[in-house]
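Presented below is the structure to which this report refers.
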Amino acid sequence: MASLPAPGRARARLEWRQHDVAMLPLGTLFSAVRVPGRLVVALTESTETSELDEFMRHALDGGPVICDPRYLRYYALVPASVPRTWHQAIDDWKPLDVECLGHGSYLGVPRADTVECTPARAPYWSVPIDSAATLCRPLKVARLIAAGRHCLPTEREE
């Protein structure tokens, strides 16, 4: 949040107070890789929130992950440079509906204490953030996506 201008920090605090989620710009402190839940479900063979969250914590070595349960999407927070430096992987991920969000994108970031899925289905920290300096390692995210791709059911040719 320190990279935001003062009015942006004030707006984020207000959004967290009023809505529990603030829209933060990506590409400065961090970027995000959006992973569809179907990849995580394929890897875990579970739809239980606690099991999915634990899997993400383990697979990404505790790197911060936001879950949007309404659309079952996970956002792994990665270094801001990833959209610029991982072009080939990002292109390879597109058919899986994996997207890398960086400069020019915004992400709904829950308050730091929002760490459980609620009936309201609001975004929460699937893997809580310890500090803005601790992010998911891009190679770990890439391995998770590759493993998920191999676990997805294949469509039969007719």
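Data overview
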quantity	calculated
Meets criteria (under 16 Å from C136 (Cβ atoms) and in contact (Cβ under 8 Å) with a residue 40 or more places away in the chain) for P69	no
Residues that are crowded, with 16+ Cβ neighbours inside 10 Å and without any contact (Cβ under 8 Å) to a residue 24 or more places away in the chain, drawn from the stretch 42-66	T44, F55
Matching residues in the stretch 100-135 - criterion: being small (G, A, S), more than 21 Å from D61 (Cβ to Cβ) and part of a loop (DSSP other than H, G, I, E, B)	G102, G104, S105, A120, A122
Residue ID - farthest from E15 (Cα to Cα), chosen from residues in the stretch 136-154 that are part of a loop (DSSP other than H, G, I, E, B) and out of contact with any Gly (no Cβ under 6 Å at 6 or more places or on another chain)	T154
Scan of the stretch 73-86 for residues that are in contact with a helix residue (DSSP H, G or I) (Cβ under 8 Å, 6 or more places away or on another chain), under 16 Å from L107 (Cβ atoms) and of a type in the set (A, V, I, L, M, F, W, C), ordered by number	A76, V78, V82
Selection count where residues are out of contact with any His (no Cβ under 8 Å at 6 or more places or on another chain) and under 16 Å from P25 (Cβ atoms), scope the stretch 81-98	3
Residue satisfying all of: in the stretch 47-70; of a type outside the set (A, V, I, L, M) and touching a helix residue (DSSP H, G or I) at 6+ places or on another chain (Cβ under 8 Å); farthest from A122 (Cα to Cα) among these	D61
Considering residues of the stretch 74-99 that are in a strand (DSSP E or B) and surrounded by fewer than 19 Cβ atoms within 10 Å (Cβ to Cβ) only, the residue nearest to the chain's Cα centre (by Cα)	E99
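Taken together, the values in this text are just the output of simple stated rules run on the coordinates, not laboratory data. All figures in this text were calculated on a predicted structure; none of them were measured in a lab. Cβ: placed from backbone, ideal geometry, glycine included. Neighbour counts: every protein chain shown.
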